[in-house]
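Colleague: After the structure tokens below, expect a handful of questions from me.
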């Protein structure tokens, strides 16, 4: 718990205000902070029903598959290190928000 709280959970909360452009920072941070709560609510509401329907082992394999899918989504996120918010904001408005678009020369 200590490693999770000091690692990935911390990054999830801190990046919400950092990745959104200034014009939409409040809405972006709000959506980012609401997503873990919504995910936890969804898991809490469905866990026992899914276990009853397909069994304990299969339920946790299903959740493991969601984690694998999340890893691939994470790999599709562009690297934004060293770029200003203005540079980041200009890419989606130009229709270029794939990871390869950010790999180009700065």
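The values are calculated or read from the model by the stated rules, or taken from the named source; none is laboratory data. Remember, predicted model here, so these are calculated numbers, not experimental data. Methodologically, a virtual Cβ is constructed for each residue, glycine included, from the backbone with ideal geometry; neighbour enumeration extends over all protein chains shown.
Colleague: Just to confirm my filter: which helices (runs of 4 or more DSSP H) fall fully inside the range 1-78 and include at least 1 residues that are modelled with pLDDT of 85 or more?
Modeller: Values: elements: 2-6, 8-14, 25-54, 56-76.
Hits in the range 1-78: 25-54, 56-76.
Colleague: Further, regarding this structure: Among the residues of the range 79-91, which ones are part of a helix (DSSP H, G or I) and either in contact with a strand residue (DSSP E or B) (Cβ under 9 Å, 6 or more places away or on another chain) or surrounded by 12 or more Cβ atoms within 10 Å (Cβ to Cβ) (or both)? Before you say what the answer is, go through the steps one by one.
Modeller: Initially, the range 79-91 is screened for residues part of a helix (DSSP H, G or I), giving 85-91.
Once the filter is applied, which keeps residues that are part of a helix (DSSP H, G or I) and either in contact with a strand residue (DSSP E or B) (Cβ under 9 Å, 6 or more places away or on another chain) or surrounded by 12 or more Cβ atoms within 10 Å (Cβ to Cβ) (or both), the range 79-91 yields 85, 87, 88, 89, 90, 91.
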